[in-house]
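Peer 1: The structure follows.
Please treat every number below as a calculation from the coordinates, not as lab data. This one's a predicted model, so the numbers in the text were calculated from it and none came from an experiment. Cβ placement follows ideal geometry from the backbone for every residue including glycine, while neighbour counts extend to all protein chains displayed.
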Amino acid sequence: MYAIVTLAAGLLFGLGLAFSEMTNPTVVLGFLDIFGEWNPSLIIVMASAITVGMIGYAVKRKRMAPMLASKWQVPTLRHIDSKLIIGSSLFGIGWGISGYCPGPGLTALVNNPSEGFYFVAALIVGSGLHYFQTRITQK
Amino acid sequence: MDTIFNPLAGGLLIGLTATIYLLAIGKVIGISGILSQLLFNKERFLPFLFIAGLIVGGGAYGILTEKTVAFPETRSPILLIVSGLLVGYGTRLGGGCTSGHGVCGISRLSPRSIIATLIFMAAAIITVAVLN
């Protein structure tokens, strides 16, 4: 059941990204181009997703545990540090260069393979750099 | 394709999926985090199912439907590689991307996620303005 929910969540999340056209970097770059020909549609995507998400968290607060697991594993970190600020800045620059964030980048493997291949290969390398950097500095 | 209906329906579906995943499994949906689990965790089966579903769901719809706006003409590999490296490293250092911080984090009013989202939105907007 756990596996079915995980697979279904991936499928539905991908469909949501595609339906809202977040999978298309032209649409995303149009949204980010607020000083040019601005395409505000992603505000509608974010606002509707967050509104439903807030209802989800309101329901969560009334329940002791999730339906299929013994405990909640929602992030509990609250402090704002330099990693959060520098990491988010680097991510934003990368997002602005291509219009791909991780989800739409992965779906580009199907939608636009000649772009998706290079982006996802570099996405994996970038993610790996952080993983190995963390492992080395922790030793 | 409709300029209001599609983003609204897509956003509702994203929010609903995050809610089902939260209430059933107890975790937030963060694509950059799940991808990193698929790459570096010992337990890879569940992250694999999620990422495979995401690629099939996002790809199948892209193939089956017409788009209002065409995908960009294939851009230079160097641009895509620089972008991918920054997105890969930056999302892991910052602990999340558009899904984990942007959608799930703001939904639970996490101060970290609200700050992260404001920063990556601002950085992306400035980058687009500079490159254009």
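Peer 1: Sort A:K83, A:K62, B:K27 by Cβ crowding within 10 Å, fewest neighbours at the top.
Peer 2: Least crowded to most crowded, the residues run A:K62, A:K83, B:K27.
Peer 1: Also, I was wondering about something else. Exposure proxy check: A:T134, B:T127, A:T26 ranked by fewest other beta carbons within 10 Å?
Peer 2: Numbers: A:T134 12, B:T127 21, A:T26 17.
Sorted ascending by nearby Cβ count, the order is A:T134, A:T26, B:T127.
Peer 1: Where the centroid of each part is defined by its Cα atoms, how far is segment B:85-101 from segment A:20-36 in Å?
Peer 2: If we compute the Cα centre of each part, the gap is 19 Å.
Peer 1: Right, another one. Tell me the net charge near B:I25. Cut-off is 15 Å between Cβ atoms, B:I25 excluded, with +1 for each Lys or Arg and -1 for each Asp or Glu.
Peer 2: Values: positive: A:K60, A:R63, A:K71, B:K27; negative: B:E43.
Combined, the nearby Lys, Arg, Asp and Glu give +3.
Peer 1: Right, next: Compute the signed sum of charges (Lys and Arg +1, Asp and Glu -1) over the other residues within less than 13 Å, Cβ to Cβ, of A:K71.
Peer 2: On the way: positive: A:K60, A:R63, B:K27; negative: none.
Around A:K71, the charge tally is +3.
Peer 1: If you take each beta carbon of peptide A:54-60 and count the beta carbons of other chains within 10 angstrom, what is the mean?
Peer 2: 6
Peer 1: Using only helices, what value at 222 nm comes out for chain B when you add -39,500 (n - 2.57) per DSSP H run of length 4 or more and divide by the total residues, to the nearest 500 deg cm²/dmol? Don't skip to the answer; put the middle values down first.
Peer 2: Values: 5 runs with 90 residues, N = 132.
It lands at -23000 deg cm²/dmol.
Peer 1: Using Stokes-Einstein with the Kirkwood hydrodynamic radius over Cα pairs, what translational diffusion coefficient do you get for segment A:2-138 at 25 °C and a viscosity of 0.890 mPa s, in µm²/s rounded to a whole number? All intermediate terms of the calculation are to be shown ahead of the outcome.
Peer 2: Details: Rh = 17.7 Å.
Reported coefficient: 139 µm²/s.
Peer 1: For A:63-69, what's the mean count of beta carbons from other chains sitting within 10 Å of each residue's beta carbon? List each step's numbers first, then the result.
Peer 2: Values: counts 2, 0, 1, 7, 5, 4, 4.
Average per residue, whole number: 3.
Peer 1: So, by mean Cβ neighbours within 10 angstrom, what's the order for B:53-59, A:110-116 with the highest one leading? Kindly include the intermediate steps, with their values, before the conclusion.
Peer 2: Working: B:53-59: 23.9, A:110-116: 20.0.
With the highest mean Cβ count within 10 Å placed first, the list reads B:53-59, A:110-116.
Peer 1: Right, something else. For A:H79, B:H101, which order do you get if you count the other beta carbons within 10 Å of each Cβ and list the fewest first? Please list the in-between numbers first.
Peer 2: Numbers: A:H79 7, B:H101 30.
Starting with the residue having the fewest Cβ neighbours, the order is A:H79, B:H101.
Peer 1: Per residue Cα convex hull volume for segment B:5-131, in cubic angstrom? If you can, show how the numbers build up before the last one.
Peer 2: On the way: hull volume 19.0 nm³, N = 127.
Convex hull of Cα atoms, per residue: 149 Å³.
Peer 1: With a 10 Å radius around each residue's Cβ, average the other Cβ atoms per peptide and rank A:98-107, A:117-126, highest first. Before the final figure, lay out the partial values.
Peer 2: Details: A:98-107: 28.9, A:117-126: 22.1.
So the order, starting with the most tightly packed, is A:98-107, A:117-126.
Peer 1: So how do B:89-96, A:67-74, B:12-19 stack up, highest first, on mean other-Cβ count within 10 Å? Before the final figure, lay out each step's value.
Peer 2: Working: B:89-96: 27.0, A:67-74: 13.0, B:12-19: 24.9.
Ranking the peptides B:89-96, A:67-74, B:12-19 by packing returns B:89-96, B:12-19, A:67-74.
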